[in-house]
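Here's the structure we're looking at; comments come further down.
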Amino acid sequence: MKNVIVTGASRGIGKAIAITLASEGYRVAINYRENRENALKVLEEIRQNGGEGEIYQADVSLYDEVEQMVKDFHSKYGRIYGLVANAGIYIRRNIMEMSIEDWKRTMAVNLDGAFYLVKASLPYLETHASIVFIASQLAFKGSISSVAYGASKAGMLGLMRSLALQLAPNIRVNAVAPGTIDTDMIAGYSPEERRKREKEIPLKRIGRPEEIASAVSFLLSEKASYITGATLHVNGGFFIV
Ligand code: NAP
């Protein structure tokens, strides 16, 4: 059984990724920061479907906590095949409103968190391993409502490309760039904003977390054996490169 760590797997996209990967036979480390109840529900759902997993509390912005999680998972289950750096935050503030603390927090979770996960896991990975980062279309488009978020996700893509070069030929590193996906992250949308967004998207709807999970599953798997350093856009046509 292949072991995989999914950060931020207690809710939203990370939850869908954890459940999808477990249904495909991976043993999943379900990471969360504070939402233990939800993480336990994800684990329960995985077990009810005959899958395997375990929950791990760790704030991805703190290297020591990430390292402890990786060591605990490895010492119990052995070498790790896959990493999914999914944990992320979106602080809706423009340049005038954003505090230095909010900027640093965004970078610490979204960018440092991805780096810490890979750095801490390297000694424990299988020879042939696969890493997927969850970025965002806003890394490309910029964002009118958050000055830090797009920057953190663009940084993540730069990190992904360098890792793809440095960890080849045995470890593949790729990213998924979601468009607007129906999770707590967009719960702040007013009904008007939601309707407006649905109209703007060529496929005329907001995406489902499971639709990101399918893309992650593909990139993580051997089906993507010749793909590294790539970004897969999953956005209903909202941003076409
Ligand atoms: P979400 O519903 O807000 O869930 C966020 C998840 O990240 C939760 O499991 C949360 O854990 C975890 N998390 C937050 N800070 C953490 C930290 N410091 N350490 C560990 N875990 C932490 O968000 P989502 O929409 O599923 O987003 C998942 C990823 O997709 C993010 O990277 C986001 O930027 C990206 N994305 C989302 C969208 C979208 O439209 N939803 C679009 C593009 C990209 P707790 O439950 O314990 O708080």
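The values are calculated or read from the model by the stated rules, or taken from the named source; none is laboratory data. Computed from a predicted model, the values in this text were never measured in an experiment. Methodologically, a virtual Cβ is constructed for each residue, glycine included, from the backbone with ideal geometry; neighbour enumeration extends over all protein chains shown. When the accessible area is computed, the model is the full protein with side chains, heavy atoms only, and any ligands, DNA or RNA have been set aside. Shrake-Rupley method; radii C 1.70, N 1.55, O 1.52, S 1.80 Å.
Quick notes on this structure:
- In the chain, helical runs assigned H by DSSP with n ≥ 4 each contribute -39500 (n - 2.57); averaged across all residues and rounded to the nearest 500, the mean residue ellipticity at 222 nm is -13000 deg cm²/dmol.
- Kirkwood Rh and Cα Rg combined as Rg over Rh, evaluated for region 3-234: 0.95
- Rounded to 10°, Cα long-axis angle of helix 63-77 versus longest principal axis of the chain: 40 degrees
- Residue-wise HN-Hα couplings along region 51-61, as the Karplus relation 6.51 cos²θ - 1.76 cosθ + 1.60 with θ = phi - 60° gives them from phi, are x, 10, x, 7, 9, 9, 7, 6, 7, 5, 7 Hz; Gly and Pro carry x.
- Tilt relative to the chain, helix 12-23 - C-alpha long axis, 0 to 90 degrees, to 10: 30 degrees
- Residues of region 134-167 with an amide N closer than 11 Å to a point placed 7 Å from the Cα of Arg92 along the Cα-to-Cβ direction: 145-146.
- Per residue, the accessible area of the chain comes to 48 Å², computed with a 1.4 Å probe over protein heavy atoms only.
- Entry note: region 27-84 has Rg to Rh equal to 0.96, where both radii use alpha-carbon atoms and Rh is the Kirkwood radius.
- Lysine pair count for the chain [Cα-Cα under 17 Å; pairs on different chains or 8 or more apart]: 8
- Rounded to 10°, Cα long-axis angle of helix 191-200 versus longest principal axis of the chain: 80 degrees
- Simple spin-label estimate for Ala187 and Leu203 in nanometres, 7 Å along Cα-Cβ: 2.4 nm
- The chain - percent of accessible surface contributed by carbon and sulfur, probe 1.4 Å: 52 percent
- Taking Leu220, Leu138, Leu203 as the candidate residues, the one with maximal mean-square fluctuation in a Gaussian network model of the chain, Cα springs under 10 Å, is Leu203.
- For region 4-46 and region 166-241, distance of Cα centres in Å: 18 Å
- Estimated FRET transfer efficiency when R0 is 30 angstrom, pair Ile100-Glu34 (beta carbons, to 0.05): 0.80
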